[in-house]
Every structure is written in C-alpha cells, then in structure tokens.
Amino acid sequence: MSGSAAQKACVETTPAMERKREVAQAFGEAAESYDRHAVLQRQVADDLAQKITEQGTLEGGGVSCYLEIGCGTGFLGVALEEWLGDTPCLFTDISPPMLEKCRDRLGESLKDAGFAVMDGEAPGLTEQYGLIAASLVFQWFDDLPAAIERLAGCLLPGGRLAFTMLGAGSLGEWCAACEDHGVETGVPSFPSAKELDGLWPTATIGGSGRVEQARVVRRHPSAQNFLHELKAIGARVPDSDHEPRSPGEMRALLREIDGENGEGKNGEGFGVTYEVLYGFFTRDEEL
C-alpha cells in the first residue's frame with residue numbers, strides 16, 4: 001500500500017463513527033441551553049437515582065467505585081451526590097462541553113471525582129467498578145447488545161449496571177403526525193421492554209438482569225415547541241438512514257400539524273409520550 005493510500009485508510013470513517021461525531025457536536029452545542037429545557041432528563045435521572053439507592057449499598061457497606069456514562073451536565077450525579085459520599089467516581093461523556101458543565105457542578109463537592117471524554121459504547125477501560133450508571137444515553141448507541149456486554153464486563157464481582165433509555169412507542173404522537181402527512185420522522189427504532197430484557201449477558205459475563213418501564217407524557221404548546229426543545233437539549237440527530245427535510249418543508253409540516261393558531265388542531269398544544277425503560281444488571285459475586 002502506498003503512503004497516501006495508507007494515510008487515507010487511517011482517516012476513513014464509518015457511518016457509525018460519523019454519527020457519533022454528529023451526536024457529540026449536537027450535545028456540545030446545546031451545553032448552555034440544556035439545563036433550561038431538559039425537563040424529562042432531570043426527572044428520569046432523579047427517578048433512576050432513587051431506584052439505585054433503594055437497592056442498597058454494595059459489598060463492604062458502600063459503593064467501591066462509580067462510573068457514569070454520558071453524564072451530561074450532571075443531573076444523575078447531583079441526585080446521587082449524598083449517597084456517593086467519598087466514593088471514587090469517574091464521570092464521562094462523549095461531548096467535552098457537556099463534561100465541563102458536569103465538572104463545574106460536581107468537581108468541588110465530590111472530592112474523589114474524575115472527569116473524562118469517552119465514548120460510553122466503547123469505554124476501553126481496564127478498571128472495574130462497583131456501580132456503572134447512565135440516564136437516557138443508551139438509545140444513542142449503535143450496537144446496544146455489545147455495549148451492554150462491554151459495560152457489564154467492567155463491573156466488579158457483585159457490581160451493578162443501572163441505566164435508563166427510551167423504549168418502543170416513545171415519540172409516538174410525533175411519528176403519527178408525520179405519517180399522517182407523508183413524512184418520515186427520523187426517529188430511531190427503540191427496543192421494547194421484552195427486547196431489552198433479552199439482551200443481558202448472562203451467558204458471557206454471568207449475572208442477572210431485569211427491566212422496569214414507565215410512561216411520561218410531556219405537554220408542549222405546539223409541535224414546533226417540541227422540536228425546539230429537542231434542539232435545545234442536543235437530541236436533534238436523526239436515525240442514520242433518514243433523509244432530512246428542507247427548512248421550508250419542515251415549516252410547512254409544522255403549520256399543518258399545529259394549525260392556524262399554532263396550538264394544535266384542537267387548541268390543546270402537542271403532547272408527546274416517552275416510554276422509559278429502566279435496566280438493572282448485577283454481575284455474579286464470583287468471576
């Protein structure tokens with residue numbers, strides 16, 4: 001292979017890598033507006049933290065070490081802050097600006113906390129952790145089964161993986177409205193609770209998992225406001241196969257959905273349902 005060909009091979013990227021860059025950029029650009037608009041994300045992080053603490057501490061009376069995937073601006077870390085205490089923590093995110101927001105929020109109060117830019121789907125870690133957690137991150141993964149297995153392999157014996165993600169049926173109202181007007185949505189395919197419950201690496205890693213499910217409805221003044229919120233929190237990267245509409249086409253679509261008054265056909269705004277899956281996996285006590 002010639003030098004120029006070898007150089008080209010080194011820099012060649014896959015569609016999955018390109019999408020990860022787009023996701024990191026989108027969330028980075030939204031770092032300043034995220035906290036003002038991430039109502040669902042804060043609520044789900046608080047719920048996950050409560051479920052984690054209700055499960056009790058790990059071996060030795062506490063969490064031996066904590067790893068967070070996709071920490072964002074720190075919602076989950078804040079919710080777990082008192083419970084974590086002096087636990088060694090590593091907060092990670094694929095977006096440097098998001099990670100800096102988390103560092104600003106938790107760097108002083110959690111004395112033994114580290115912060116690292118990392119792709120949670122491919123952590124490349126040699127350390128093992130007593131608790132690995134992530135809130136509304138896993139739906140962005142390209143290969144969910146492999147990611148779960150990889151992260152479960154980073155657990156200490158008896159360690160726990162706890163996460164939330166969007167499940168099948170999420171954003172159904174937006175999908176239906178787009179379908180009614182002959183428009184593809186770009187919403188990714190999310191797993192059902194049953195499908196997620198079939199992904200636990202019990203044979204390869206050893207352990208047991210379970211899934212819980214909750215439905216959250218967000219009421220927006222309009223479909224346009226719904227899309228504005230998605231952009232403001234960085235959740236604007238569509239499915240990789242989606243062909244985006246032009247701005248003019250999107251404006252026309254929103255006028256059709258929101259009606260003349262811009263408040264929905266019945267003047268009741270635009271409601272959006274989120275099916276939230278809670279996944280919990282505990283590694284066997286002995287490897």
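If you filter segment 257-281 down to residues that are surrounded by 14 or more Cβ atoms within 10 Å (Cβ to Cβ) and of a type in the set (Asp, Glu), you find that the one that is modelled with the highest pLDDT is GLU275.
Give the number of residues within segment 209-227 that are touching a residue at least 60 places away in the same chain (Cβ under 8 Å) and not hydrophobic (A, V, I, L, M, F, W, C).
6
Take the conditions touching a strand residue (DSSP E or B) at 6+ places or on another chain (Cβ under 8 Å) and either assigned to a strand (DSSP E or B) or more than 21 Å from ASP143 (Cα to Cα) (or both) and apply them to GLU243. Does it pass? Can you show your working first?
Numbers: touching a strand residue (DSSP E or B) at 6+ places or on another chain (Cβ under 8 Å): no; either assigned to a strand (DSSP E or B) or more than 21 Å from ASP143 (Cα to Cα) (or both): yes.
When the stated conditions are applied, GLU243 does not pass them.
For ASP284, are the conditions met, namely being in contact with a strand residue (DSSP E or B) (Cβ under 8 Å, 6 or more places away or on another chain), modelled with pLDDT of 75 or more and closer than 27 Å to GLN213 by Cα? Yes: the conditions hold for ASP284. Restricting attention to segment 25-36, the residues being over 12 Å from GLY72 (Cβ atoms) and assigned to a helix (DSSP H, G or I) number 4.
In segment 93-101, is there at least one residue being touching a residue at least 24 places away in the same chain (Cβ under 8 Å), in a loop (DSSP other than H, G, I, E, B) and either within 22 Å of GLY209 (Cα to Cα) or not basic (Lys, Arg) (or both)? Yes, some residue in segment 93-101 is touching a residue at least 24 places away in the same chain (Cβ under 8 Å), in a loop (DSSP other than H, G, I, E, B) and either within 22 Å of GLY209 (Cα to Cα) or not basic (Lys, Arg) (or both). When segment 234-244 is limited to residues that are surrounded by 15 or more Cβ atoms within 10 Å (Cβ to Cβ) and out of contact with any helix residue (DSSP H, G or I) (no Cβ under 6 Å at 6 or more places or on another chain), the one that is modelled with the lowest pLDDT turns out to be PRO238.
Can you say whether GLU173 is surrounded by 15 or more Cβ atoms within 10 Å (Cβ to Cβ) and in contact with a His (Cβ under 6 Å, 6 or more places away or on another chain), as far as the supplied structure shows?
Working: surrounded by 15 or more Cβ atoms within 10 Å (Cβ to Cβ): yes; in contact with a His (Cβ under 6 Å, 6 or more places away or on another chain): no.
The answer is no for GLU173.
Of all residues in segment 47-62, those satisfying the criterion of being modelled with pLDDT of 75 or more and part of a helix (DSSP H, G or I) are ASP47, LEU48, ALA49, GLN50, LYS51, ILE52, THR53, GLU54.
Selection over segment 204-218 of residues that are within 18 Å of the chain's Cα centre (by Cα), within 20 Å of ILE148 (Cβ to Cβ) and surrounded by fewer than 17 Cβ atoms within 10 Å (Cβ to Cβ) gives a count of 3. No other residue among PRO201, PRO157, PRO247, PRO221 is more than 19 Å from the chain's Cα centre (by Cα) and surrounded by 20 or more Cβ atoms within 10 Å (Cβ to Cβ) apart from PRO201.
When GLY198, GLY209, GLY186 are screened for being of a type in the set (Gly, Ala, Ser) and more than 30 Å from ILE52 (Cα to Cα), only GLY186 passes.
The values are calculated or read from the model by the stated rules, or taken from the named source; none is laboratory data. From a predicted model like this one, the values you see are computed outputs, not experimental measurements. Neighbour counts run over all protein chains shown; Cβ positions are idealised from the backbone, glycine included.
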